[in-house]
């Protein structure tokens, strides 16, 4: 299969910027990889590992949303230091049966013979795939495998895991700790073992949702139209054609929506959609 790339070029202003910090209100330590975006979602950035982030002057007057797994979200104007409160009410333990780890089943599919790669879409900040529970005996998430392609080593991206509600939409965030995956340079399958988090799926389906991390470690400059240099962020995520769409994204206006990424008839004549190349290992 020919490599098919969908580009999202984030051309950030390189003029004057101001640096800020996000810290834990309880410990006063910087919080890494916090999502920071304007309330109208026209600009997004993430904190560096130190908790610092920079915003171009043209956005300084906006109201921003600060969102991090394990913390209460906050919406306010920028301040030199923004404090986030740890969530006071963690999810109650709903699982009485202990995790045994004696059975495994994989859901989703990675197909190296039919793969293309895609930068994260400009239409949303969160997007990923739905997975349906095939065996009620296997509801603990052990590992997540994602096909990636990166021009830089150890490009990082975040993953959030959601239960589904009665209507089949992403509903409750079920990981209370950040999940950060490293993608090695080149093509490969990036895997993270999260069995220590004891994430249990108690709905009929669940969602593995990506978040691109707009941090300096992930960035590189490329020459684009009219020899203009633009900044892009790695890694690219693998996609594969399929008859059915399992792709979801968080729309700026309409909330969670199921998306059909149509295949290009120049390359494919049978399959209708692209899905992300993700495989999840479930255990009991």
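Mind checking the full-extension length gain between residue 76 and residue 39? Use 0.36 nm per residue of separation minus the Cα-Cα distance, one decimal, nm. Provide the component values of the computation, followed by the final result.
Working: separation 37, 0.36 × 37 = 13.32 nm, distance 0.92 nm.
12.4 nm is the gain from fully extending residue 76 to residue 39.
Evaluate the relative contact order of region 17-84 (contact order divided by residue number), counting alpha-carbon pairs under 8 angstrom at least 6 apart; express in whole percent. Working shown, then result.
On the way: 144 pairs, mean separation 25.5, N = 68.
Relative CO of region 17-84 lands at 37 percent.
Where does each of 165-171, 137-143, 149-155 land if you order them by average Cβ count within 10 Å, highest first? Before the final figure, lay out each step's value.
Details: 165-171: 14.0, 137-143: 19.6, 149-155: 17.9.
Ranking, from highest mean packing down: 137-143, 149-155, 165-171.
Take peptides 231-238, 39-46 and line them up by average Cβ neighbours within 10 Å, highest first, as a rough protection proxy. Each step should come with its number before you reach the end.
Numbers: 231-238: 23.4, 39-46: 15.6.
Highest to lowest by the protection proxy: 231-238, 39-46.
If packing is taken as the average count of other Cβ atoms within 10 Å, what order do 192-199, 256-263 fall into, highest mean first?
Details: 192-199: 14.0, 256-263: 16.5.
Highest mean packing first, the order is 256-263, 192-199.
Quote the relative contact order of the chain in percent (integer), defining contacts as alpha-carbon pairs under 8 Å separated by 6+ residues.
23 percent
What FRET efficiency comes out for residue 193 versus residue 271 if R0 is 35 angstrom and r is the Cβ-Cβ distance? Round to the nearest 0.05. Please report the intermediate quantities before stating the final value.
Values: r = 31 Å, r/R0 = 0.89.
Taking R0 as 35 Å, the efficiency between residue 193 and residue 271 is 0.65.
Hey, could you grab the Kirkwood Rh for the chain? Inverse mean 1/r over distinct alpha carbon pairs, Å, one decimal. Could you put the intermediate results ahead of the total?
Working: mean 1/r = 0.0500 Å⁻¹.
Result for the chain, one decimal place: 20.0 Å.
Return the FRET efficiency for the residue pair residue 19, residue 258: r is the Cβ-Cβ distance, R0 is 45 Å, and the value is rounded to the nearest 0.05.
Details: r = 39 Å, r/R0 = 0.86.
That gives a FRET efficiency of 0.70.
Taking every DSSP beta bridge with both residues inside the chain, roughly what % is antiparallel (nearest 5)? Don't skip to the answer; put the middle values down first.
Working: 83 of 89 bridges.
In the chain, approximately 95 percent of DSSP beta bridges are antiparallel ones.
At a Förster distance of 22 Å, what's the computed FRET efficiency of residue 50 paired with residue 176, Cβ-Cβ distance as r, to 0.05?
On the way: r = 23 Å, r/R0 = 1.04.
Efficiency, rounded to the nearest 0.05: 0.45.
Within region 180-217, whose backbone N sits under 16 Å from a point 7 Å along Cα→Cβ of residue 87?
Under 16 Å, as judged by backbone N against the label point of residue 87, lie 180, 197-203, 207-209 of region 180-217.
Computed from the coordinates by the stated procedures, all read-outs in this text should not be read as laboratory data. Predicted model only: the values in this text are computed from it and were never measured. Glycine also receives a Cβ, built like all others from the backbone with ideal geometry; neighbour counts cover every protein chain displayed.
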